[in-house]
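Please read the structure below before turning to the comments.
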Amino acid sequence: MAAPAFANYCTQIFGVADAELRKLRHDFMELITRAVQPALWLLVFGQVMAQVRGIAGGEVRYLDFLTPGILSQSVLFVAIFYGINTIWERDAGILNRYLVSPAPRSALVLGKALSSVVRGLSQAIVVYLLALVLGIPLSGALQDLFGVICFVGLGAGVFSTFSVLVACVVKTRERFLGIGQVLTMPIFFASNAIYPIHLMPPWLQVVSRLNPLTYEVDALRSLMLRGGFSRIGLGHDSIVLLATFTVLVALAARLYPKMGE
């Protein structure tokens with residue numbers, strides 16, 4: 001792709017993202033209400049389960065082990081319902097304006113993914129503040145913070161694009177909400193967010209290895225915590241998330257125009 005064409009492509013992506021983020025500026029209360037869930041998980045669930053020995057394994061406190069998982073969960077819950085905006089845009093007639101624009105369909109999908117990244121990073125700020133209050137030993141190294149931003153962004157992009165893909169298939173808000181509720185809990189619990197993979201039954205370990213959330217959590221445990229650890233490897237985590245995101249963007253871009261039908 002030539003430099004001017006690539007610059008124009010990026011402009012189209014940022015244009016879509018800016019339109020999405022303007023909605024957030026007019027409904028800032030959404031960010032505040034989204035902060036309630038990670039607070040409950042860390043302040044209630046985490047404090048109770050921290051009394052159970054042997055869940056995290058090794059010398060890691062359970063609350064430390066849990067914090068990256070709750071950040072990943074928060075990003076998942078924000079992103080997985082992102083597709084309902086696409087359905088709302090179709091019903092309001094906004095989608096047709098996007099579809100008649102010269103922007104490639106992949107730019108439209110990436111623009112929506114980029115706006116979900118901003119929402120995901122807002123959740124990261126909330127979780128970091130809670131972690132500081134709870135005395136979680138967070139890494140302050142710039143390279144680790146940059147890595148957290150990258151993996152939070154990748155996770156938000158994966159699950160928001162998956163959400164748009166689901167919206168392109170079901171096309172109604174009622175069906176989407178039902179499917180979203182069905183998907184979020186299995187994705188969360190079939191990951192390493194709140195317990196290690198080795199404690200799972202063998203069949204669930206297989207499912208967890210196929211779950212993108214597992215790789216996001218693994219990367220965040222390595223980057224967020226002081227002296228953090230990765231059971232899988234940051235390189236492996238990156239490859240899985242990038243490959244999943246690429247495939248989902250390609251599929252969503254192919255199905256996106258059918259939303260207007």
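The values are calculated or read from the model by the stated rules, or taken from the named source; none is laboratory data. These numbers were taken from a predicted model, which means no experiment stands behind them. Glycine gets a Cβ as well: all are built from the backbone with ideal geometry, and neighbour counts include every protein chain shown.
Pull up region 153-196, narrow it to residues that are farther than 28 Å from F229 by Cβ and assigned to a loop (DSSP other than H, G, I, E, B), then point me to the one that is modelled with the highest pLDDT. The residue in question is T172. Residue pairs whose Cβ atoms lie under 7 Å apart, sitting 6 or more positions apart in sequence or on different chains, and linking a residue in region 1-28 that is of a type in the set (S, T, Y) to a partner that is modelled with pLDDT of 70 or more and part of a helix (DSSP H, G or I), are Y9/A107.
Inspect all residues belonging to region 40-62 and state whether any of them is among the acidic types (D, E), at pLDDT below 85 and outside any helix (DSSP H, G or I).
Checked against the condition, which is being among the acidic types (D, E), at pLDDT below 85 and outside any helix (DSSP H, G or I), region 40-62 yields at least one hit.
Tell me the residue from L255, L225, L234 that is surrounded by 15 or more Cβ atoms within 10 Å (Cβ to Cβ) and in contact with a strand residue (DSSP E or B) (Cβ under 9 Å, 6 or more places away or on another chain), please.
L225
With respect to the conditions (1) in a helix (DSSP H, G or I); (2) within 24 Å of S139 (Cβ to Cβ); (3) at pLDDT below 95, M259 lacks only one, and its number is (2).
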